[in-house]
Amino acid sequence: MITKKQITSIAVVDEVSLLNKEVLAELVDMVGQKSMSKMLQVFLIELEEGLAILNQFLVSMKGEGLEADREENFNGVALQAHTLKSCAGSFGALALFEAVKGLEQLAKEKNLERVEQQVVKVNELSRLTENELKQYVMESD
């Protein structure tokens, strides 16, 4: 299993697994493997869409614009991060959960440089989480 410590490209030092497979197993017990596979597919689609929205907010914040627009973009990042945090937590995506939790807080603090850095981390962890979830589904089928 890949851990945050192994993800050197995003300079993470603490040990947090990408996935909590116990959470995934509990979900399978509750809804069955077939439903779980479909739920994971929906999660991955929503994750991709959420990342696209986050990245668009970031592009908008970096452009020249009114202060009110920048404030709205920070609020949008915080809201989207909150949504992704809930989804990640529900599917046991621990590292992603922690990353979007951090992003939500940074957006509330309105620190553009740190928000940019955290969005990079969230994008990378999303890619790694997606790969790990796909592997989990293949192993479970």
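The values are calculated or read from the model by the stated rules, or taken from the named source; none is laboratory data. Not measured: the values here are computed from a predicted model. For neighbour counting, all protein chains shown are included, and Cβ atoms are generated from backbone atoms with ideal geometry for every residue, glycine included. Side chains included, ligands, DNA and RNA excluded: accessible areas come from the protein's heavy atoms. Shrake-Rupley method; radii C 1.70, N 1.55, O 1.52, S 1.80 Å.
Remarks
- Solvent-accessible heavy-atom area per residue, rounded to whole Å², over segment 18-141 at 1.4 Å: 55
- Mean sequence separation of contacting Cα pairs (under 8 Å, at least six apart), scaled by the length of segment 28-141, corresponds to a relative contact order of 25 percent.
- Among the GluC sites (Glu not before Pro) within segment 34-141, those in coil by DSSP and having at most 16 neighbouring Cβ atoms inside 10 Å are Glu64.
- Alpha-carbon centroids, segment 122-141 and segment 65-117: separation in whole Å: 21
- Across segment 132-138, coupling constants 3J(HN,Hα) worked out from phi with the 6.51/-1.76/1.60 Karplus curve, θ = phi - 60°, read 5, 5, 4, 5, 4, 5, 5 Hz, and Gly and Pro carry x.
- Cα gyration tensor shape of segment 13-141, rounded if a/c is under 1.5, else prolate or oblate by comparing a/b with b/c: prolate
- Here segment 74-141 is treated as an ellipsoid with the same Cα gyration tensor; its semi-axes, largest first and in whole Å, are 25, 12, 7.
- Cross-link pairs Lys62/Lys101; Lys108/Lys134; Lys101/Lys134; Lys38/Lys121; Lys38/Lys110; Lys34/Lys110 - those with Cα-Cα distance over 30 Å: Lys108/Lys134; Lys38/Lys110; Lys34/Lys110
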